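Engineer: Submitted below is the structure of interest, expressed as structure tokens.
The values are calculated or read from the model by the stated rules, or taken from the named source; none is laboratory data. Keep in mind that this is a model prediction, so the values were computed, not measured. Glycine gets a Cβ as well: all are built from the backbone with ideal geometry, and neighbour counts include every protein chain shown.
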Amino acid sequence: MKPLPAGSPIAVDLFAGAGGFSLGALYARLHVVAAVEYDPSACKTYRRNLIEIAGARTHLFDKNILEIDPAELMRTVDLVPGQCDILLGGPPCQGFSAHRLNNAGVNDPRNSLLIRYFEYVKILRPKVFLVENVPGMLWPRHRDWIDEFYRLADAAGYELPPPFSLNAKDYGVPQNRKRVFLVGRDRSLKIAIDWPPSPSHHSPDESGRAGGKKKPWRVAATVFQRKLRKEDPNNRHMQHGKALTDAFKKTPINGGSRSASGRTLACHSDHDGHSDVYGRINPRLPGPTMTTACVNPSKGRFVHPTRAHGITLRHAARFQTFPDWYEFQGGLMAGGAQVGNAVPVKMARVLLSSLMASVKKGTVEIAKVASKA
């Protein structure tokens with residue numbers, strides 16, 4: 001990766017995880033001066049790839065964000081208020097997850113990390129900020145958290161349009177992955193945010209209406225076309241017992257579901273279970289959402305399209321558009337969690353490039369947003 005030129009836009013990445021947002025920022029030619037992450041394995045991944053291999057001049061704060069004073073972060077990396085061009089962050093989403101039943105997650109303490117994020121906004125005074133989270137954060141039962149975030153933004157002088165739900169497959173990622181993005185700008189600055197950027201990819205059914213400017217969605221087959229390197233430490237998949245392996249062999253290739261394998265469990269006498277569990281990935285469509293359990297076929301449609309085992313960690317990373325040189329540390333399950341929590345690298349690059357173009361251009365009017373989540 002080429003060295004960043006002097007005067008490159010400055011970014012700070014909170015809840016940085018394995019570095020999907022940060023790597024996208026580097027590709028967008030941003031200087032990530034600081035990153036905050038608590039998980040030890042994710043920190044090892046971030047340090048190994050972004051700092052040691054890619055040469056990012058990033059100070060990684062490897063401790064709980066609740067224990068780091070924003071002013072301390074600024075002193076450490078020599079930042080003054082307003083110098084940060086963009087603050088990034090994807091607060092842990094488990095409290096907002098769609099997998100939480102009934103009112104589970106409403107009082108999850110992890111939800112409060114969304115408010116902690118804004119405490120950094122108030123102190124750093126970035127020109128713009130960008131928050132990524134799961135669609136579940138917009139559910140009515142979480143309304144109090146979102147309302148409080150908007151109240152804080154308004155009180156601090158930030159304009160915050162309605163949330164946008166964006167799908168990674170519309171931006172060149174081979175994965176059907178919906179996420180919510182909140183983007184805010186300092187009202188005192190003459191900046192118009194052109195948001196969100198126009199999709200670059202479309203459904204094949206829309207080919208006649210795309211005007212030749214958009215490309216068809218990237219499908220899962222692109223992830224499996226390139227051979228895996230035997231020496232790649234992330235070229236690993238779960239080891240399955242004979243019963244599962246036999247079931248996978250009976251599951252029709254190219255998108256077959258568990259039910260087609262003839263395998264039933266005791267619990268299926270009461271209900272058929274989730275149809276995607278133990279299902280094969282369909283190579284003709286964008287892949288399924290990579291979750292924190294994406295290497296475990298019992299957690300979703302994560303079986304290889306043609307082989308009798310789950311996808312490898314490298315396959316999962318490719319779905320998230322991480323380059324093959326990016327090595328996830330901590331083992332198979334820890335690596336899967338890091339991949340599932342990440343912002344797809346290519347999507348991060350597109351979004352950040354668009355936002356930085358707006359910051360660089362500047363204008364005296366506020367841009368009008370076209371739609372909301």
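Engineer: May I ask you to list the residues in region 148-200 that are among the aliphatic types (A, V, I, L, M) and more than 18 Å from the chain's Cα centre (by Cα)?
Structural biologist: 152, 153, 155, 156, 160, 189, 191, 192, 193
Engineer: Sticking with this one: Which of the residues belonging to region 156-175 are over 25 Å from residue 287 (Cβ atoms) and touching a helix residue (DSSP H, G or I) at 6+ places or on another chain (Cβ under 9 Å)?
Structural biologist: Across region 156-175, the qualifying residues are 156, 158, 159, 160.
Engineer: With region 291-364 as the region, which helices (runs of 4 or more DSSP H) entirely inside it contain at least 1 residues that are more than 26 Å from residue 225 (Cβ to Cβ) and touching a helix residue (DSSP H, G or I) at 6+ places or on another chain (Cβ under 6 Å)?
Structural biologist: Answer list for region 291-364: 332-341, 345-361.
Engineer: Answer yes if at least one residue in region 4-18 is free of Cβ contacts under 8 Å to residues at least 60 places away in the same chain, of a type in the set (D, E, K, R) and either surrounded by fewer than 24 Cβ atoms within 10 Å (Cβ to Cβ) or closer than 18 Å to residue 80 by Cα (or both), and no otherwise.
Structural biologist: Looking through region 4-18, none of the residues is free of Cβ contacts under 8 Å to residues at least 60 places away in the same chain, of a type in the set (D, E, K, R) and either surrounded by fewer than 24 Cβ atoms within 10 Å (Cβ to Cβ) or closer than 18 Å to residue 80 by Cα (or both).
Engineer: Turning to a different aspect of this structure: What number of residues in region 47-85 are closer than 25 Å to residue 128 by Cβ and among the acidic types (Asp, Glu)?
Structural biologist: Adding up the residues that qualify gives 4.
Engineer: What are the pairs, 6+ residues apart or on separate chains, where a residue within region 327-352 that is under 22 Å from residue 297 (Cβ atoms) has its Cβ under 7 Å from a residue that is in a helix (DSSP H, G or I) and among the polar types (S, T, N, Q)?
Structural biologist: 328/45; 328/338; 330/41; 334/41; 338/41; 338/45
Engineer: Taking region 153-208 as the region of interest, how many residues are free of Cβ contacts under 8 Å to residues at least 60 places away in the same chain, over 25 Å from residue 119 (Cα atoms) and not in a strand (DSSP E or B)?
Structural biologist: So the count comes out to 9.
Engineer: Would you please name the residue that is modelled with the lowest pLDDT, looking only at residues in region 119-136 that are within 20 Å of residue 351 (Cα to Cα) and in a helix (DSSP H, G or I)?
Structural biologist: 135
Engineer: A further question on this structure: Working only within region 52-77, note down all residues that are of a type in the set (A, V, I, L, M) and closer than 15 Å to residue 11 by Cα.
Structural biologist: Answer for region 52-77, where residues must be of a type in the set (A, V, I, L, M) and closer than 15 Å to residue 11 by Cα: 56, 60, 73, 74, 77.
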